[in-house]
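Shown next, in structure tokens, is the structure this report addresses.
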Amino acid sequence: MMASFAAAARAVPTRASSRPAAPSASRAVVVAAGAGTPIKFAKSGGDRRRDRRVLRAPPARVASEECTPPSVEDANLTVVVDGASDPANTVISVRATNRPGILQLMKMTLQDLGLTVERTEVDMDSDGVVSDTFYVTGDDGIRVEDPYDLANIEQVVTFVMNAHYLKSSEVSRPTDKTANIDNPRKKDMLYSLMDSYIKNDVLAVQKSIVNHVEYTLARSRYRFDDFEAYQATSLSVRDRLIESWNDTQQYFREQDPKRVYYLSMEFLMGRSLTNSLCNLELDHPFKEALTQLGYDMENLVGKERDAALGNGGLGRLAACFLDSMATENLPAWGYGIRYQYGMFRQELHDGFQHENPDYWLNFGNPWEIERPNIAYPIKFYGNVEQGDDAQGRQTFLWSPGEEISAVAYDTPIPGWNTPNTINMRLWSAKPSREFDLESFNTGDYVQAILAKQRAETISAVLYPDDRTYQGKELRLKQQYFMVSATLQDIIRRYLVTHGDDFNEFPEKVALQLNDTHPTIGVPELMRLLMDDHGLGWTKSWEITTRVFSFTNHTVLPEALEKWPVELVETVLPRHMQIIYDINWRFTQELRGIFGDDTERIWRMSVIEEGENIEKSVRMANLALVASHTVNGVAAIHSELIKTTIFKDFYEIMPEKFQNKTNGVTQRRWLAFCNPELSELITETLGTDAWIKELDLLQGLREKADDAAFQKKWAGIKLRNKERLAALIKEKTGMDVPTDALYDVQVKRIHEYKRQLLNVMSIIHRYNVLRSMSSEERAKEVPRVCVIGGKAAPGYDMAKRIIKLVSAVGDKVNGDKNIDDKLKVVFIPDYNVSSAEVIVPGAELSQHISTAGTEASGTSNMKFAMNGCLIIGTMDGANVEIAEEIGTENMFIFGARADQVPNLRRERWNFDAPGGFYEIVNQIRGGEFGWADFFNPVMDAVSSENDYYLLANDFEDYLRAQKEVDIAYKDTARWNKMSILSVAGSGKFSSDRTIRQYAEEIWDVKPMRRPMPTATTPPKPYAPPGKL
């Protein structure tokens, strides 16, 4: 029986017809069978109805977009499928206008239909029309004869060929109805110069790449290396992004919808080349174009440096959200800082973390667009003078002591299956005057460059060490720099279409604060409205409280950001005045509610002060007061903040509080980073609509017990493990076996995430293995334990934990007496690109924070989505993952969140299991070396110091680990759990999260730009003659 036909090339390019993809056979729709309804071919003389199997069809709105016939068809196209004339083969004859890639496209399509191409005959006539004949058989080695199957082959090939032809057509671009050009002839001329989109056939792609080699990079088109090929390819892709970006923004200007602006100090984007090509659905023509030029796409992808614009989950969440905002067609922008060096590049020397600058911009960033014409003044220090205007109203004039410029850099963000492309705008700090030539000429060389250096320092490094006053000052300046430039930019855009009338501002603008970092934007918006645009306090406050919403990402009181009042008064004197005014009005309201309950009013005040307390501004309280909505990021987190850190606020303003469980983009974190699994899912479901509608993964449940399917599933996991083993070798020089269980914990190093608990479990496993005979060890499951993550430069305890991981690894990996049953690896400089290999290759992922400390976590979602099983506590999003995939498919342990406070109070009296202190004593005793260095780490988990309850959860953790070993030995059970993990991941798409934000917080509607149609047929590109 032939392999099932698994949704071959889409009937219509899923991007705009301006940029149709080279349809691959994994993206077609069988029209005769109905959208999303795959078939099996019948054997000769067989009953085809008996062999049919119908899978879930894609949602109607997806199917309707996919099944629209191409708007331009090849007039020369004929497809004849003959199942009778040749005794051994089915003969498929195709006559079509010649375009690059036809032969390869046909072979790919036939292969994905389950057909074997036995031989091919090709020819071309004098009119540039090709005549190709393919002799094919089914996977049983005989020809296909069934009339129904032959008709389906014909329709699929016809759709694929017309879609390929359409890709090369001239497509008219929309005119700009908002362009302010008085002369109609000039406007018409400007339009006619670029009235069609760049073509996306293989030849056009090659021309574009080579043009950039010669004209942008100034290299010879006959001699350019892999890095230059990467740069030229990226610029070629960016050209197409810019077309879409410009037309999307033009459409937004014409429609004037409400827009959402996402303010975040981090955007951990990862590499852009693969993501952009796949979202644009141009991966096939670009790969083929590069292959013909002699370059390997995978090698070029490896030349791209990760954008050093974030550190951990906060930044990666923001990146996923931008991808989903684009895919959901929201009129949205992201705003942040263009860090010159990022956080740092992590290196390990003798097991110690060393921080080095991440020179990710040294060789340029082909994805960004510098906007030197878009720059805003940013002020610091100085004094504020009070006066009155002509109407007798009080005015404030801020005379700054320092002024710099914020210059915009734009990065287009494409959506998937949409013509929309949105924007991430990052700000770079520049001096207001580039160079003090007068000082230089008078011999004061140092002073001449100091101003430039001071300005550029602001956007140099993500999260500078704030243990010193200077570090705190720099962080505050960074945050203000970002929000001031952003708000000036947003107001400027609003005024273009609305003049000086701010009445509609809340109807056109939504501002989302990603954590407390951008909260200084509250007094900045008030300052801009009152001091620069002349609005009164009441109107300004009404606008401010209607546009801001706030996402909280912590349940730890110590993680809530505070700034010393003295610092704010010095750096931002006008803003401190406004904050005092906001707080005075707010506390007056509280007195009206609570009377003389000064303790409660003190807890809720924006200003914290008291005996032996540094007078500070509580940024979370300011965000709560000024925002119309406050949300947590997981169900358990959203409930905890109501009863703990924000309890007082929830009791008087419960309507502000919502939950928005985080998600991740399944495109980067499954479809693109795990292509083999992605293809198997598409084949099994009969559609790739799951790349947009992740709930369709539920259709995998019926395959969970299928032995043949499990075998395919396990084979893909093994090949992903081989990729991970190669990465480990590249990063550490260490060889690891691929027949072991790959046990992974990769995330920011922090005590509450409990990497230390994982290390102690590894030591326990090592002790047990050492005590066994060779015969007993042979029965044990071999493990490769992988840990990775960065410690903040000022976080001493986290750095000691990294050293402990390395020390334990040195001991374990060098012990030949445990028969290679255990390996310990620390992967340095963990980033998005590393994660794209680690996540598909992992089999067990650890999410073991103390219950009630992790707000959500998103790496757990990525691992579960790729068939990796989770061992973890009922904390953060683990709770909802367990609800979706079932606790029987996870390894749950540990105290619950409601038990933790009491356990902490009684920790001093807790009788820890003997094995726990045996390990503590091993470490203190120097078995892993560096005893004195590790003593503070052991002190932190001893008796009442054990704030994160490692001792309390240790025994139950070992029980869960034993269950892991038992399950892993049962291959069928493990594979079933893995399949069900993926099948239950539908909820954890960031598309779902963003839809909820848009509908329930921002009140922003999707705004998909119209898809232009092809109007001019392409011309044959090749000379006539025999091929």
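The values are calculated or read from the model by the stated rules, or taken from the named source; none is laboratory data. For clarity, every value in this text was computed on a predicted model and none was experimentally measured. Cβ: placed from backbone, ideal geometry, glycine included. Neighbour counts: every protein chain shown. Only protein heavy atoms, including side chains, enter the accessible area calculation; ligands, DNA and RNA are left aside. Shrake-Rupley method; radii C 1.70, N 1.55, O 1.52, S 1.80 Å.
Overview of results
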item	result
Leading residue by the ranking (farthest from Glu73 (Cα to Cα)) among those in segment 88-143 that are over 43 Å from the mean Cα position of the chain (by Cα) and basic (Lys, Arg)	Arg143
Selection status of Asp956, part of a helix (DSSP H, G or I), in the same structural domain as Leu822 (by the TED database) and within 20 Å of Val808 (Cβ to Cβ)	no
Residue, farthest from Asn89 (Cα to Cα), within segment 143-163, restricted to residues that are touching a strand residue (DSSP E or B) at 6+ places or on another chain (Cβ under 9 Å) and part of a loop (DSSP other than H, G, I, E, B)	Glu145
Segment 267-291, residues that are open to solvent by 10 Å² or more (accessible area, probe 1.4 Å) and either among the β-branched types (Val, Ile, Thr) or not in a helix (DSSP H, G or I) (or both)	Leu268, Met269, Arg271, Ser272, Thr274, Thr291
Of residues in segment 294-316 being out of contact with any helix residue (DSSP H, G or I) (no Cβ under 6 Å at 6 or more places or on another chain) and among the hydrophobic types (A, V, I, L, M, F, W, C), the one nearest to Leu241 (Cα to Cα)	Ala307
Answer residue from segment 292-310, given it is of a type outside the set (D, E, K, R) and within 18 Å of Asp829 (Cα to Cα) and is surrounded by the fewest Cβ atoms within 10 Å (Cβ to Cβ) among those	Gly302
Unique residue being open to solvent by 10 Å² or more (accessible area, probe 1.4 Å) and small (Gly, Ala, Ser) when the list is Gly699, Gly686, Gly663	Gly699
So Trp690, is it touching a Lys or Arg at 6+ places or on another chain (Cβ under 6 Å) and in contact (Cβ under 8 Å) with a residue 12 or more places away in the chain	no
Every pair of residues 6+ apart whose Cβ atoms lie under 7 Å, when the first sits in segment 773-797 and is under 23 Å from Asp939 (Cα atoms) while the second is of a type in the set (Asp, Glu)	Pro793/Glu355; Pro793/Asp465; Gly794/Asp465; Met797/Glu751
Odd one out for Gln658 among (1) buried (at least 22 other Cβ atoms within 10 Å of the Cβ); (2) touching a residue at least 60 places away in the same chain (Cβ under 8 Å); (3) of a type outside the set (D, E, K, R)	(1)
Unmet requirement for Glu944, which otherwise passes all of (1) crowded, with 22+ Cβ neighbours inside 10 Å; (2) modelled with pLDDT under 95	(1)
Tally of residues being within 16 Å of Glu524 (Cα to Cα) and of a type in the set (Ser, Thr, Tyr) across segment 614-628	1
Residue match in segment 529-540 (condition: farther than 27 Å from Leu426 by Cβ, free of Cβ contacts under 8 Å to residues at least 24 places away in the same chain and buried (at least 19 other Cβ atoms within 10 Å of the Cβ))	yes
All positions within segment 351-378 that are within 28 Å of Ile242 (Cα to Cα) and assigned to a strand (DSSP E or B)	Ile369, Glu370, Arg371, Pro372, Asn373, Ile374, Ala375, Tyr376, Pro377
Some residue of segment 213-223 being among the basic types (Lys, Arg), touching a residue at least 24 places away in the same chain (Cβ under 8 Å) and open to solvent by 10 Å² or more (accessible area, probe 1.4 Å)	no
Within segment 115-136, tally of residues that are outside any strand (DSSP E or B) and surrounded by fewer than 20 Cβ atoms within 10 Å (Cβ to Cβ)	4
Residue within segment 986-998 that is open to solvent by less than 10 Å² (accessible area, probe 1.4 Å), touching a Phe, Trp or Tyr at 6+ places or on another chain (Cβ under 8 Å), in contact (Cβ under 8 Å) with a residue 24 or more places away in the chain and more than 30 Å from Val260 (Cβ to Cβ) present	no
Matching residues, segment 607-654, being charged (D, E, K, R), assigned to a helix (DSSP H, G or I), touching a strand residue (DSSP E or B) at 6+ places or on another chain (Cβ under 9 Å) and open to solvent by 70 Å² or more (accessible area, probe 1.4 Å)	Glu639
Segment 553-591 - residue that is touching a Leu at 6+ places or on another chain (Cβ under 8 Å) and farther than 30 Å from Gly382 by Cβ and, of those, surrounded by the fewest Cβ atoms within 10 Å (Cβ to Cβ)	His553
Failed item in (1) within 24 Å of Arg574 (Cβ to Cβ); (2) assigned to a strand (DSSP E or B), with Gly392 passing the rest	(2)
Selection from segment 376-394 of residues that are open to solvent by less than 50 Å² (accessible area, probe 1.4 Å) and at pLDDT below 95	Gly387, Asp389
Matching residues in segment 409-424 - criterion: being surrounded by fewer than 23 Cβ atoms within 10 Å (Cβ to Cβ) and assigned to a strand (DSSP E or B)	Tyr409, Asp410, Asn423
Residue count for segment 964-1003, restricted to those that are of a type in the set (Asp, Glu) and either assigned by the TED database to the domain that holds Gly867 or touching a strand residue (DSSP E or B) at 6+ places or on another chain (Cβ under 6 Å) (or both)	2
Segment 533-581, residues that are under 24 Å from Ala318 (Cα atoms) and assigned to a helix (DSSP H, G or I)	Thr544, Thr545, Arg546, Val547, Pro557, Glu558, Ala559
Restricting segment 891-941 to residues that are charged (D, E, K, R) and within 40 Å of the chain's Cα centre (by Cα), the residue that is least open to solvent (accessible area, probe 1.4 Å)	Arg907
